[in-house]
1. On the full set of protein chains, 1.4 Å probe, figure out the accessible area of Asp372 and give it in Å² to the nearest 10.
2. Can you give the alpha-carbon Rg of the chain over 2.2 N^0.38 Å, where N counts its residues?
3. Quickly estimate the mean residue ellipticity at 222 nm for the chain, helices only: each DSSP H run with n ≥ 4 gives -39500 (n - 2.57), and the total goes over all residues, rounded to 500.
4. Cα to Cα, under 19 Å, and not fewer than 8 places away if on the same chain: which aspartates and glutamates meet these conditions relative to Lys147?
5. Of Lys80/Lys243; Lys105/Lys157; Lys105/Lys144; Lys198/Lys334, which pairs sit farther than 19 Å apart, going by alpha carbon to alpha carbon?
6. Tally Lys and Arg at +1 and Asp and Glu at -1 over the other residues with C-beta under 14 Å from the C-beta of Pro117: what net charge comes out?
7. Top mean-square fluctuation among Ala242, Ala47, Ala138, Gaussian network model of the chain, C-alpha springs under 10 Å?
8. Send over a whole-number figure in Å² for the accessible area per residue of the chain, probe 1.4 Å.
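The values are calculated or read from the model by the stated rules, or taken from the named source; none is laboratory data. Computed from a predicted structure; not experimentally measured. As a convention, Cβ positions derive from the backbone with ideal geometry for all residues, glycine included, and neighbour counts pool all protein chains shown. Only protein heavy atoms, including side chains, enter the accessible area calculation; ligands, DNA and RNA are left aside. Shrake-Rupley method; radii C 1.70, N 1.55, O 1.52, S 1.80 Å.
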Amino acid sequence: MIPSVLPTYNRAPLEFVEGAGAWLTTADGRRFLDLGSGIAVNALGHAHPALVEALTNQAQKLWHVSNLYYIPQQQALADKLVEHSFADTVFFTNSGTESCELAVKMARKYFHDKGQPERVEIITFDGSFHGRSSAGIAAAGSEKMTKGFGPLLPGFKHLMFGDLDGVTNAITEQTAAILIEPVQGEGGIRAVPDAELKALRAICDEHGLLLILDEVQCGVGRTGKLFAHEWAGITPDIMMVAKGIGGGFPLGAVLATEEAASGMTAGTHGSTYGGNPLGCAVGCAVMDHVADAAFLAEVNRKAGLMRQKLEGLVADHPEVFEEVRGAGLMLGLKCKAANLDVVKAGYEHELITVPAADNVIRLLPPLTLTDDDIAEAHRRLDAVATSLSAGNP
Ligand SMILES: Cc1ncc(COP(=O)(O)O)c(C=O)c1O
């Protein structure tokens, strides 16, 4: 008989009932060090007092009114995002997938309204992940995500990751945009080199294309800048955000320049819940922490420490780990052992990591983890590697 929860996940046999900082507790009192943050979501850790306060204060006043009316918390969060980014305007969603939907619509509408309705095609890259909606799976294009779900939304051209020559050759009269994650998450923590992001920006400028960045996983302080593209010194035309911006509350956003958003006039897009008072109250509290230069400096310091520990781990256990990847606190360990075995062995040592493609385990800890947490993470990963080398789970 089919389970009452649709069985689309291979779940670990773990059930958490409480969290604090970088720690999760099970019903029977086991404490797990969380290096997954619910897949890069709990940017400020579990039960951060400022987020608990923002949510409970708002919950006592007003939960929902719809976008038929002005929502002051939404306005405040949009103002913060505009102040701290390239963007002139923001649309709020509830997830990364919804942000992808709007990013694609916005790009196509832009060219439609500019009198070039034939420009609908979006260039994307292998290993990418943009969500599970029809646009999201068509954008990523992998067989794993698309098989059985056809006919797929047309208008995506898939290139190999890092194939800059391919990008220039792929551009035609139909091309509207390039869509890329500055650091691939699901694809195995693969960072696009700064020079390549710069080159993509230049190609977009040369050909009049829009550059869409998917910062759903790598944004909101995760790489040590508020947004990952800042390392490359470029700006996109459209950017997808979600995960960390809500700190655990379902919240996403599409940020855009005035020009790129020019087609999105009243009536062209909408969302019942997007930008609701609860989500935006939490989002404001997240931004108040993450957009702070001292907070980001700490993320970078801790990222340096974490990376150093992980490099040591790879050197100590070359039979289990191959290399450290990533940027800031968006780190990956490319494994020699099967990554799923490493993640599973982590559970035995009360350690949460997240698998990714390319035989990688992802380390996406809360940005607030402490130096002691980092030392403990190293101890537990070392114990995991030792047990795997000895042939134990
Ligand atoms: C880069 C990227 N884009 C989009 C998504 C989809 O986001 P959501 O699961 O919130 O719909 C994800 C989720 O993992 C992601 O990592």
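1. Rounded to the nearest 10, the figure is 120 Å².
2. The value comes to 0.98.
3. Rounded to the nearest 500, the figure is -11500 deg cm²/dmol.
4. Asp126, Glu186
5. With Cα atoms farther than 19 Å apart: Lys105/Lys144; Lys198/Lys334.
6. +1
7. Ala47
8. Ligands and nucleic acids excluded, the figure is 44 Å² per residue.
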